[in-house]
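Data block below; observations after.
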Amino acid sequence: MPEDSRNAIEFRDVVLTFGPQVILDGVSFVVRPGETKILMGGSGTGKSTTLKLVLGLLKPDSGQILVDGEDVTHYKESQMMKVRQKIGMVFQDGALFDSLSVYQNVGYRLAEQGADEEEIEETVQRTLRFVNLEQAISKMPSELSGGMRRRVGIARALVGSPKIILYDEPTAGLDPPTARTICELAMKLRDLEGVSSIFVTHRIQDATSLAREHATIDDNGELAIVKNTRPEQNASTQFIVLRSGKIIFEGDGEALWSSTDPFIQKFLE
Amino acid sequence: MLVARSFRGLTQRPVYVRETVTQMDIIGVGTLPITLLAGFFIGAVLALQTAKTLQSFGAQNFTGRLVATSLVRELGPVLTAILLAGRSGSGITAELGSMKVSEQIDAMRALGTDPIRKLVMPRMMALLLMAPVLTVFGDLVGVFGGWVIATTLLKLPTSVYLSSVHEALNYNDIFGGLLKPTVFGLIVAIVGCRSGLRTTGGTVGVGRSTTQSVVVSILLILISDFFLTKLVIALSSTP
């Protein structure tokens, strides 16, 4: 199969239980190349668990999980290490390593791969510039605000240019301007870098921004976030709504806003 | 499994030499002052306690022998291991537990690093190597503590005390005195790392894991001490 036509992520009838509790109950979906799948649902409906399944941090009870066309369902930890090089993960609170500086956190993956210091420094500076945090390079995580921690988390996930990025509620608990900055970063990656992603959130403002706007480079060569004007621009963002471990909605933003399902309507309020 | 996976890490790249040296510094150098202090006073109190009993038999010249054998065979390894469990084992559990609940362990795996090799192996190696070294220092300072009491309060000549110490110890004591702390170091490392990596339930969970780690380590040290003593006795009686 040509590389471009392979689905970035695919779940086939995935079931996961923790003891008697069913977390995911036959979940199937596909994330196409360059697509952002927004995963919504109440607390404890298996959103973060879905991301951990993609990374192989958890294994499903049954079903299949494919990453970049590769069936990783039964991969061992050592096999998953190679798959994880294609994936960047942004954790809920950043999950930065407390004992390492911003520079060491962002350059962690390269340092572990034995890259030379010059390459690490160049990559870290470029990546921090992308998230607009160059000034924080020598700070420790404890010196950063919540929003800065998330952005450093995004920068760390971006090192190695992964084809897939998983966002686990990256805007939870942030003030609206900072949350907006995070969404714009996700748009830049989706529209300008062609990154595929799953964006877990329960903030409807994030979902609206990602579904109705896109990043582009304007006539002056500057980055601009503008409203979508063509249907294909809407198609790059798709929604999944989870409830009690099952998918109750799958489709684009317009279908979500016009849904008559009482749970979804209540959720969108 | 934890031990097997940690040691397998020694044969695969990258080998975390810097982390291992850092842990040896934290665990070895960090625990040295309290080990020396504890060793000195244990030696001193042993001399004080035994001298009175020995005096009633006119055998106070054996004070050095009692201090040395008690320290090298039992008290040195066991008390050093208990200090390690309280100081380093608890620290390891709290650190790894905090990393677990704040998703740093997951982040490490997501970034392609095996936490067993990066976090467990250096701590295990450091404890395996440092526990016997600390025990030897504790034993030496304990014998010194006994000498201070023997020469000042009991008025024993230094030569009598030292020759008594020298006569007391044989190769089996030294073998047992090094075998025990190595096993105890392994126990502290396994229990500390395992409790940390299995932590759940936020900051309360970290506290719970840390307490559990210290209690389980100390119990396992005391239980294994009995079997190790049996082993050393069995080996020493083998012709």
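Annotations
- Cα radius of gyration and Dmax for chain B (Å): 20.4, 70
- Interface residues, segment A:23-56 - accessible area loss of 20 Å² or more versus chain alone, probe 1.4 Å: A:Lys52
- Probe 1.4 Å, accessible area per residue of segment A:48-109, Å²: 36 Å²
- Here the accessible area is traced with a 1.4 Å probe on the protein chains. For the protein assembly as shown, carbon and sulfur cover 59 percent of it.
- Net charge in the neighbourhood of A:Gly251 (other residues with Cβ under 14 Å of its Cβ; Lys, Arg +1, Asp, Glu -1) is -3.
- An oblate overall shape is assigned to segment A:140-253, the ratio a/c of its alpha-carbon gyration tensor axes (a ≥ b ≥ c) being 1.5 or greater and a/b not exceeding b/c.
- Length-normalised contact order for segment A:3-138 - Cα pairs under 8 Å, 6+ apart - percent: 20 percent
- Of all beta bridges that DSSP places with both ends in segment A:160-269, some 70 percent have antiparallel geometry.
- Chain A - share of DSSP beta bridges that are antiparallel (%, nearest 5): 60 percent
- Taking Lys and Arg as +1 and Asp and Glu as -1, the other residues whose beta-carbon sits under 15 Å from that of B:Leu154 total +3.
- Overall dimensions of chain A, expressed as equivalent-ellipsoid semi-axes from the Cα gyration tensor (√(5λ), whole Å, largest first), are 28, 23, 18.
- Considering only A:Ala211, A:Ala136, A:Ala115, the Gaussian network model of chain A with Cα springs below 10 Å gives its largest mean-square fluctuation to A:Ala115.
- The phi torsions of segment A:141-152, fed into the Karplus equation with coefficients 6.51, -1.76 and 1.60 and a -60° offset, translate into couplings of x, 5, 8, 9, 6, x, x, 5, 4, 4, 5, 5 Hz, rounded to whole numbers, with Gly and Pro shown as x.
- Our summary gives segment B:51-189 a relative contact order of 50 percent, counting only alpha carbon pairs under 8 angstrom and 6 or more residues apart.
- Averaged over the residues of B:96-109, the number of partner chain Cβ atoms lying within 10 Å of the residue Cβ comes to 5.
- Accessible area buried, both sides summed, chains A and B with 1.4 Å probe, Å²: 1600 Å²
- GNM flexibility winner over chain B from B:Ser224, B:Ser90, B:Ser209 (Cα, springs under 10 Å): B:Ser224
- Amide H contacts of A:Asp252 (H built 1.01 Å from N, under 5 Å, at least 5 apart or other chain): A:Phe239
- Length, then width, then depth: along the principal axes, the Cα atoms of the protein assembly as shown run 104, 50, 42 Å.
- Pairs of Cα atoms farther than 16 Å apart, segment A:58-106, %: 56 percent
- GNM top mover of B:Gly58, B:Gly205, B:Gly86 - chain B, alpha-carbon springs below 10 Å: B:Gly58
- Probe 1.4 Å, all protein chains present, accessible-area order of A:Thr237, B:Thr182, largest first: B:Thr182, A:Thr237
- Whole-Hz couplings from phi, Karplus 6.51/-1.76/1.60, listed for segment B:66-75; x for Gly and Pro: 5, 4, 5, 5, 4, 5, 5, 7, 10, 5
- With DNA, RNA and ligands ignored, accessible area of A:Leu57 (1.4 Å probe; Å², nearest 10): 20 Å²
- Net charge of neighbours whose Cβ lies under 14 Å from the Cβ of B:Phe226, counting Lys and Arg as +1 and Asp and Glu as -1: +1
- Residues B:Met125, A:Met140, ordered by accessible area of protein heavy atoms at a 1.4 angstrom probe radius and largest first, appear as A:Met140, B:Met125.
- Taking the DSSP beta bridges with both ends in the protein assembly as shown, the antiparallel portion is around 60 percent.
- Candidate lysines for bridging to B:Lys230, where Cα separation is under 22 Å - those fewer than 8 sequence places away on the same chain excluded: B:Lys180
- Under 19 Å from the B:Leu235 label point (7 Å along Cα→beta-carbon), backbone N, segment B:50-75: B:69-75
- When you restrict to C-alpha pairs under 8 Å that are six or more residues apart and normalise by the size of chain A, the relative contact order lands at 23 percent.
- Diffusion constant of segment B:1-141 at 4 °C, which comes from Stokes-Einstein with the Kirkwood Cα-pair radius and 1.567 mPa s, µm²/s: 76 µm²/s
- Exercise: per-residue mean of other protein chain Cβ atoms within 10 Å, A:102-115: 2
- Largest accessible area first, the residues A:Thr229, B:Thr200, B:Thr93 order themselves as A:Thr229, B:Thr200, B:Thr93 under a 1.4 Å probe with ligands, DNA and RNA left out.
- A:Val15 contributes an accessible area of around 40 Å² to the protein surface, as traced by a 1.4 Å probe with all chains present.
The values are calculated or read from the model by the stated rules, or taken from the named source; none is laboratory data. Since this is a predicted model, take the numbers as computed values, not measurements. Positions of Cβ are generated from backbone atoms using ideal geometry, with glycine treated the same way; all protein chains shown enter the neighbour counts. Surface accessibility is based on the protein's heavy atoms, side chains included, excluding ligands, DNA and RNA. Shrake-Rupley method; radii C 1.70, N 1.55, O 1.52, S 1.80 Å.
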